[in-house]
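This report concerns only the one structure given below.
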Amino acid sequence: MALVSNVVLITGCSTGIGRATAERLTRAGFDVFATARRPETLEELEGLGCRTLGLDVTDEQSMVRAVRSVVDTKGAVGVLVNNAGYGEYGPVEESSADALRQQLETNVVGMTRLTQLVLPQMRAQRWGRIINLGSISGKISLPGCAYYSASKYAVEAISDALRFEVRPFGVAVSLIEPGAIKTAFDEAGLARLRASTREGSPYKRYNDGVAKAISAAYEGAMGKMAGSPDDVARVIERAIRARRPRSRYRVGGGASLMLATRKLLPDRAMDLLLRSQFPSPARVSDERTD
Ligand SMILES: NC(=O)c1ccc[n+]([C@@H]2O[C@H](COP(=O)([O-])OP(=O)(O)OC[C@H]3O[C@@H](n4cnc5c(N)ncnc54)[C@H](OP(=O)(O)O)[C@@H]3O)[C@@H](O)[C@H]2O)c1
């Protein structure tokens, strides 16, 4: 029987979940290619025994080069962990179309294109695992998170169709759906939100409220429910090792509770609940002009 490559390629390993996954899988004995758009951030992982590559998921040539380099040495990428991503926050009216394009290019197009690049060899060896980082935001669109949610809803949609299409070739597709996980993710998104909120905007105080609500998910009483990057890495390892991987794995940050609430409540009741957590933009601007 021909040898099957179970080499793991992970995107976005400079920090957070990608880094923790590269560490955990390397320690567990997997042959890991950790990638980042700034390869200089991967030195420590190299010290652990990971191979490292530059890979920017918005750059076609960099994706092609990275996959070719694994295929040339190992025959195939056996496991692809599509982790790279970021959160674009802000009200729809004031968030530019370019910001939306960039969000989708990184979180959706990049993941999809990389998947296309690894599939021919996975099909040829009749074995593969594709692990996509979704989010609870792929199930619930919260105020101020429209573009990020749009990207993660798309990750859900593409993963569901892909799972059906590639199963007959021995390739399993799993979605990881984390709730709040303590990484640099939320702070980076909030910094962008602060920088893009213009003086005099009718959404100024609303944005402050959105920022407060997002921070609350990671700090204080609610933050106690937030998971660690390694909690997610552990679930990813489980999905890779499973003989029949599940289509979805939920992890951390009250993800299951939030999803159950969303399923149970009709839209009107859900909006009411959200109004108790987020300031109303209209009421805020009315207050300003009184
Ligand atoms: N943290 C959470 O609460 C949470 C919850 C649900 C889902 N997730 C998802 O989990 C994944 C990882 O997030 P994280 O929490 O680990 O955040 P993080 O610590 O901010 O890490 C994000 C990683 O993505 C990389 N990245 C961004 N744009 C890229 C690009 N164009 N090409 C290649 N890499 C790029 C970043 O690289 P740079 O360092 O170069 O920016 C970084 O390595 C994301 O898909 C996120 O949506 C996170």
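Quick note: the coordinates plus some simple rules give every number you see, no bench work behind them. Everything quoted here is computed from the prediction, not taken from an experiment. Here the Cβ positions follow ideal geometry from the backbone for every residue, glycine too, while neighbour counts run over all protein chains shown.
Multiplying the sequence separation of residue 102 and residue 257 by 0.36 nm and subtracting their Cα-Cα distance, what value in nm do you get?
Working it through step by step, the gained length comes to 52.7 nm.
Could I have the simple spin-label model distance between residue 93 and residue 238, label points 7 Å from Cα toward Cβ, reported in nm to one decimal?
In this crude label model, residue 93 to residue 238 measures out at 4.4 nm.
Report the per residue volume, in Å³, of the convex hull enclosing the C-alpha atoms of the chain.
Convex hull volume per residue, Cα atoms: 134 Å³.
What ³J(HN,Hα) values, in whole Hz, does the Karplus curve 6.51 cos²θ - 1.76 cosθ + 1.60 give for segment 190-203 when θ = phi - 60°, with x put for Gly and Pro?
My calculation for segment 190-203 gives 5, 5, 5, 5, 4, 5, 8, 7, 8, 4, x, 5, x, 9 Hz in order.
Report Rg(Cα)/(2.2 N^0.38 Å) for segment 43-200, keeping two decimals.
Dividing the Cα radius of gyration by 2.2 N^0.38 Å gives 1.13.
Note down the Stokes-Einstein diffusion coefficient of segment 143-290 in µm²/s, whole number, using a Kirkwood radius over alpha carbon pairs, 4 °C, and 1.567 mPa s. Could the numbers behind the result be given before it?
On the way: Rh = 17.7 Å.
So the translational diffusion coefficient is about 73 µm²/s.
Suppose R0 equals 22 Å. What FRET efficiency, 1/(1 + (r/R0)^6) with r the Cβ-Cβ distance, do residue 27 and residue 4 give to the nearest 0.05?
It comes out at approximately 0.50.
Cross-chain or 8 or more residues apart, Cα under 13 Å: how many lysine pairs in segment 8-284 fit that? Count them up, please.
Number of lysine pairs found: 4.
If we count other beta carbons within 10 Å of each Cβ, what is the order of 40, 23, 156, 88, fewest first? Before the final figure, lay out each step's value.
Working: 40 9, 23 21, 156 17, 88 24.
Starting with the residue having the fewest Cβ neighbours, the order is 40, 156, 23, 88.
Lys and Arg at +1, Asp and Glu at -1: add these up for the other residues within a Cβ distance under 15 Å of residue 121 and post the number.
+3
Defining a contact as two alpha carbons under 8 Å apart and six or more residues distant in sequence, what relative contact order in percent does segment 8-284 show?
19 percent
Compute and list, largest first, the equivalent-ellipsoid semi-axes of segment 67-153 from the alpha carbon gyration tensor, each √(5λ) rounded to a whole angstrom.
So the three semi-axes of segment 67-153 are 32, 13, 8 Å.
For segment 9-66 and segment 91-109, what is the centre-to-centre distance using only Cα atoms, to the nearest Å?
25 Å
Expressed in nm to one decimal, what extension gain is obtained for the pair residue 195 and residue 270 from 0.36 nm per residue of sequence separation less their Cα-Cα distance?
Between residue 195 and residue 270, full extension yields 24.0 nm more.
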